[in-house]
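Note sheet for the following structure.
Computed from the coordinates by the stated procedures, all read-outs in this text should not be read as laboratory data. Since the model is a prediction, treat every value here as computed from it, not as a measurement. Heads up, the Cβs are rebuilt from the backbone with ideal geometry, glycines too, and the neighbour counts pull from every protein chain shown.
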Amino acid sequence: MKRYFEVLYVLHIALIEARSAESVEKASILADIVHNVPTMIMAGSEEGEIIAKVMLNAKRHGLESYFSKLIEKAKNKQT
């Protein structure tokens, strides 16, 4: 069974951020960035592939730095 610790951590934080977003637009952007994660996990995609997709979406919305930091934090939590 594949492990998806990093990507699940990022999804978890993005959902919390969307829930507490001050605007529908911000919540919508966060949802757009991570909405493919569950489907990609169900399809058996590798974690690196899922993270690459999340980062591509984050870059499109100008949030690449924020999501890079989340991924780095997730990596540090695993060790």
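For every other residue with a beta carbon closer than 14 angstrom to the beta carbon of GLU46, add +1 if it is Lys or Arg and -1 if Asp or Glu, then tell me the sum. Around GLU46, the surrounding residues sum to 0.
Sparse packing (at most 11 other Cβ atoms within 10 Å of the Cβ) combined with a DSSP loop state is found for the following trypsin sites (Lys or Arg not before Pro) in segment 1-63: LYS2, ARG3. Both radii come from the Cα set of the chain: Rg as radius of gyration, Rh as Kirkwood radius; their ratio Rg/Rh reads 0.95. Relative to the Cα centre, the charge distribution of the chain, modelled as +1 at Lys and Arg Cβ and -1 at Asp and Glu Cβ, gives a dipole magnitude of about 180 debye. Report, to the nearest 10°, how far helix 5-19 tilts away from the longest principal axis of the Cα atoms in the chain, using its own Cα long axis and a range of 0 to 90°. It is inclined by approximately 20 degrees. Distance between the 7 Å Cα→Cβ label points at LYS77 and GLU64: 2.4 nm.
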